[in-house]
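Structure first, commentary second.
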Amino acid sequence: MALAIFEDRYGGMATHIAFAPGRVNLIGEHTDYSEGLVMPMAIPYGVAVAFRATDGPSRLHSIARGPSKSFSVIEVVPGSRKGWSGYAAGMAWALKDRGHQVKTNIEAVVEANLPIGSGVSSSAALEVAFGLAWKTANGLTLTPLELARLAQHCENKFVGVNCGLMDMAASTLGVAGHALKMDIRSMETEPIPLPPGLVVVLCDTGKSRGLASSHYNLRREEVQRACDGLGVSILREISFDQLEKGKIHLDDVAYRRARHVVTENVRVGSFATALRTENQLEIRRLLNEAHASIRDDFEASCAELDAMAEIANSVSGCWGARMTGGGFGGACVALVTELAVDIFVNTVNEAYVQRFPTMEPRFLICEASDGAEVTQIGT
Ligand code: GLA
């Protein structure tokens, strides 16, 4: 559809399509900004941008949101754009701010097929897709990791959300059929094959993540407070034993936030082994522990997410479930035996709606997919 609308709006054909996937995180939540371990996977849903270079100003159109005001890449500065086009223009700014030559404008049509507000990183996908568009139009060379870091720079400094690197890195580095065990400190990335016959189901509670970014920033402050009390710059430097020894320097909230991060890093490592050995019991144990930790110690869950995880866990064929993403609304991730998926979705849907009659849950089957790429049209 993006291509037809492109032709309609701008006359002539787009030269390229960039596609960047969203992500689901299997385990390793709220650890990325402590340089910890995460295990997301890219999903087949994401953002596509049909584009071509132009001598005129940049003109962007979103199929869902309509056109945005035209602008010149030369003039883009933080604070100059709000809404979805801020993510697009912000990527041009991020490239320039990191020393890349961005002078060529683009005409573009954006088409997204991922749910907004479910915690599958629609904003990271939008940034990465536009990163590829600016890169291509301006003849730049960037590795997938550099692109991810630029998208994080855009989100932190242009959009103003203080997120970590996980979402963007999952979008650029995804490997089909695999989850990515990433060490955010070294950026060592290990693709872990998903057991055959196992399906990843995103169970969206329907509770929007409205205040998520203010909660998120507060959690970052609390984690920083824990670091200050422990006398380290980042929680990655702390082992569980060191945390227990340093506990006397922390208030209860800071201690529990740190305990979540420190124990979650260990769980990611164990989870990688459990996936590789297809150890169903261990996978279940770790997902349950991860959910309890983010619920009780990190307090980033909510009643809807807790209910969704509990219901999903109780349905046969489910290997385990936990909340995924930033939290405070959004979705759970469940690992489900392929043959049981239809029954799983129906049963969970029914039980959840019974508890939350005004909510409209959604279920998305997510195959682990490759990372973002740009395709030249007609090749
Ligand atoms: C959001 C952020 C990520 C990460 C997760 C929690 O998705 O964008 O950087 O911190 O929350 O794991």
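For the reader, a short list of remarks on this structure follows.
- Model label zone, residue 263; criterion: amide N under 13 Å from point 7 Å along Cα-to-beta-carbon; scope the range 214-251: 240-241, 244
- Qualifying lysines (Cα of each under 30 Å from Cα of residue 245; at least 8 residues distant if same chain): 181
- Cα long-axis angle, helix 303-314 against the chain (0 to 90 degrees, to the nearest 10): 70
- Structure-based [θ]222 nm, the chain - -39500 (n - 2.57) summed over DSSP H runs of at least 4, per residue, nearest 500: -12500 deg cm²/dmol
- Shape category assigned to the range 194-366 from the gyration tensor of Cα positions, a/c cut at 1.5: oblate
- Within the same chain, lysines fewer than 8 places from residue 103 are excluded, and of the rest, those with a Cα less than 19 Å from its Cα are 69, 135.
- Each Lys and Arg contributes +1 and each Asp and Glu -1, all at the Cβ; summed about the Cα centre of the chain, the dipole is approximately 820 debye.
- The fewest-to-most ranking of 121, 293, 316, 171 by surrounding Cβ atoms within 10 Å reads 316, 293, 121, 171.
- Distance between the pseudo-spin-label points of residue 63 and residue 228 (7 Å out from Cα toward the beta carbon): 4.8 nm.
- The residue among 51, 364, 243 whose Cα reaches farthest toward the positive pole of the charge dipole of the chain, with charges on the beta-carbon of Lys, Arg, Asp and Glu, is 51.
- Between amide H atoms placed 1.01 Å from N, distances below 5 Å from residue 58 occur with 71, 72, 73, 106, all of them 5 or more places distant or on a separate chain.
- Helix 122-137 axis, angle to the chain major axis (alpha carbon atoms, nearest 10°): 40
- Only Lys, Arg (+1) and Asp, Glu (-1) charged, at Cβ; the range 194-366 dipole about Cα centre in debye: 240
- Fully extended contour minus Cα-Cα distance, from residue 54 to residue 241, at 0.36 nm per residue: 61.5 nm
- Across the range 194-366, C-alpha contacts under 8 Å between residues 6 or more apart give a mean separation that, scaled by the residue count, equals a relative contact order of 36 percent.
- The simple Förster model, with R0 at 35 Å and r as the Cβ-Cβ distance, assigns residue 296 and residue 213 a FRET efficiency of 0.95.
- Contact order, relative form, for the range 132-184: 31 percent (alpha carbon pairs under 8 Å, 6 or more residues apart, mean separation divided by residue count).
- Gain on full stretching of the segment that runs from residue 280 to residue 101 - 0.36 nm per residue minus C-alpha separation: 59.4 nm
- GNM on the chain, alpha-carbon springs under 10 angstrom: the most fluctuating residue among 320, 329, 160 is 160.
- The modelled label-to-label distance between residue 351 and residue 1, using points 7 Å beyond Cα along the C-beta direction, is 3.4 nm.
- In the chain, Cα pairs under 8 Å separated by at least six residues give a relative contact order of 24 percent.
- Degrees between helix 144-153 axis and first principal axis of the chain (Cα, 0 to 90, nearest 10): 90
Every number here is computed from the coordinates shown, using simple stated rules; none is lab data. What you see is a predicted model, and the numbers here were worked out from it, not measured in a lab. Backbone-built Cβ (ideal geometry, glycine too); neighbour counts: all protein chains shown.
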